[in-house]
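Presented below is the structure to which this report refers.
The values are calculated or read from the model by the stated rules, or taken from the named source; none is laboratory data. Fair warning: this is a prediction, and the values are worked out from it, not measured in the lab. Cβ coordinates were reconstructed from backbone atoms using ideal geometry, including for glycine residues, and neighbour counts include every protein chain displayed. Quick note on the areas: whole protein, heavy atoms, side chains included, nothing else; ligands and nucleic acids left out. Shrake-Rupley method; radii C 1.70, N 1.55, O 1.52, S 1.80 Å.
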Amino acid sequence: MNILIKSATIIDASSEHHNQTVDVLIEDGTITAIKTSIANTNNYKEVVLENLHLSQGWTDTSVCFGEPGFEDRETIQNGLKTAALSGFTTIALQSNTNPVADTSADISFLVNKSQDNAVNLLPIGALTKQSESIDLAELYDMQNAGAIAFYDYKKPIKNPNLLKIALQYASNFDALVYSFPLEEKIAGKGIVNEEETSTRLGLKGSPNLAEALQVARDLFILEYTGGKLHIPTISTKESVRLIREAKQKQLNVTCSVAIHNLLLEDSLLEDFDTRFKVNPPLRIKEDIDALIDGLKDGTVDFVTSDHNPQTIEDKKVEFDHATYGTIGLESAFGALNSILDLQETITLLTKGRSLFNLENQSIKVGNTANLSLFNPNIEYTFTKKNIISTSKNSAFLGQQLKGKSYGVYANKKLIIND
């Protein structure tokens, strides 16, 4: 598709047009001109939107849909549409499906289902067979089929020797291993943060120690084995400290934080609203402050929406029996932009590709157009009308956000919500 984007402010520190308001001409997927004003001599489709800003395409390192097996939560088709209209051109899809994506055939299915789409779907294969933390899955075969990392979604690796073997084996073909930070024996039956709120409400609490112990264990193993380790969705000040120390030792470790863990405190549980039942749980302000400090100093590498659709039947039950998870793609930009400045927000949303050794392309003439389109200044209350996902289990309903995505231009396709 050939398009002419009019009067857009470019937010891209690597581009000579950073912070400039310009017209951008895109022909056959390539940026062919960037000027103060470009005449539409070829009668291309014009994109004219209020307070339009452009950046390199955003990446989310942890997204769930449902297909295959849980299509009532979300399909791949609608999930990718949701990602596009939320401003994301690349998503890493978790193996949170039925069956779990633990073979090369499963990965090929996901790759094929996402073909010819504006959004690039990068499958994450299960680390162990059926995500049962017993035997390693077909890691090498899955990587050859298109898997970009390996992770038993939200399930800790119980056997430390299994993580040791996984890191050693995966390093032979430069594969990335995720390890969920939770020591289940310490967490016990805890379902929320162990603090004043859990005590007052009579809900079983999971202490920060349950996360920190697993992080410490995994870092010790990484130091012994080498390899590449990613610790997803940390949530505590102790985890930030441990990972900061590991990076000072030059260990090859990265980590991420879910955006809802940067904004929402466990005090929101007062009404037993299951939208706030997430894993890891919402913490207290002290943890949130440490996570934000970690983002600012580079200890925390990535943010993620940790988008995890759940059906109404799984959420509209007693708190103890409700499933974990919140959708987050639609609210990701507005939430992050409400606590950080615009440049910090865009840097975090665009750097996710580096986790998978994928290059970003600056917004300049001659480069492939992989763009997110957005308005960073609009302030609004997030409601169900802002939700595109099939499931509506958003922890951000009723929250004040700043900034909205218009959509994307990627893979020669324009997907926008006018």
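Worth a mention:
- Computed label-point distance, nm, for sites Thr368 and Gln130 using a 7 Å Cα→Cβ extension: 3.9 nm
- Cα convex hull of the range 65-108, projected area averaged across orientations, nm²: 3.1 nm²
- Reachable lysines from Lys164, criterion Cα separation under 22 angstrom, eight or more residues apart if same chain: Lys129, Lys154, Lys155, Lys185, Lys228, Lys247, Lys249
- Cα-derived Rg over Rh, computed across the range 74-187 with Rh taken as Kirkwood radius: 1.00
- Choice from Thr274, Thr36, Thr97 showing the highest fluctuation, given a GNM over the chain with Cα pairs closer than 10 Å: Thr36
- Pairwise label distance in nanometres, Leu358 with Glu313, each label 7 Å out on the Cα-Cβ vector: 3.4 nm
- Here the contact order of the range 285-375, divided by its residue count and restricted to Cα pairs under 8 Å and six or more residues apart, works out to 21 percent.
- Solvent-accessible heavy-atom area per residue, rounded to whole Å², over the range 238-359 at 1.4 Å: 38 Å²
- Semi-axes of the equivalent ellipsoid of the chain are 34, 24, 21 Å, computed as sqrt(5λ) over the eigenvalues of the C-alpha gyration tensor in descending order.
- Taking Gly57, Gly325, Gly205 in turn, the Gaussian network model of the chain (Cα-Cα springs below 10 Å) assigns the largest fluctuation to Gly205.
- Per-pair calculated FRET efficiency, R0 = 35 Å: Asp341 and Tyr44 via Cβ, rounded to 0.05: 0.55
- Debye log10 I(q)/I(0) for the range 12-53, one point scatterer per Cα, at q = 0.16, 0.21 Å⁻¹: -0.46, -0.79
- Relative packing of 385-393, 314-322, which averages over residues the other C-beta atoms within 10 Å, highest first: 385-393, 314-322
- Note on the range 267-418: Kirkwood radius taken over Cα pairs, Stokes-Einstein applied at 37 °C and 0.692 mPa s, translational D equal to 191 µm² s⁻¹.
- FRET efficiency, 1/(1 + (r/R0)^6) with R0 41 Å, evaluated for Asp141 and Arg241 via beta carbons: 0.60
- Burial ranking of peptide ranges 212-225, 73-86, 109-122 (average Cβ count within 10 Å, highest at the top): 73-86, 212-225, 109-122
- Two-decimal Rg to Rh for the range 336-418 - Kirkwood Rh, Cα set: 0.99
- Counting heavy atoms of the protein chains alone, Tyr169 has an accessible area of about 90 Å² for a 1.4 Å probe.
- Based on C-alpha pairs under 8 angstrom that are at least 6 apart in sequence, the range 1-67 has a relative contact order of 36 percent.
- P(r) tail fraction, the range 13-161 - alpha-carbon pairs more than 23 Å apart, %: 49 percent
- Loop-resident trypsin sites (Lys or Arg not before Pro) (DSSP state other than H, G, I, E or B) in the range 343-374 with no more than 16 further Cβ atoms inside 10 Å of their Cβ: Lys364.
- Summing charges over all other residues whose Cβ lies under 15 Å from the Cβ of Phe180, with Lys and Arg as +1 and Asp and Glu as -1, gives -2.
- Once C-alpha pairs closer than 8 Å and six or more residues apart are averaged by separation and normalised to the residue number of the range 117-202, the relative contact order reads 25 percent.
- Helical mean residue ellipticity (222 nm; -39500 (n - 2.57) per DSSP H run of 4+; nearest 500) of the chain: -8000 deg cm²/dmol
- Rg [Å, one decimal], Dmax [Å, integer] - the range 204-342, C-alpha atoms: 15.6, 47
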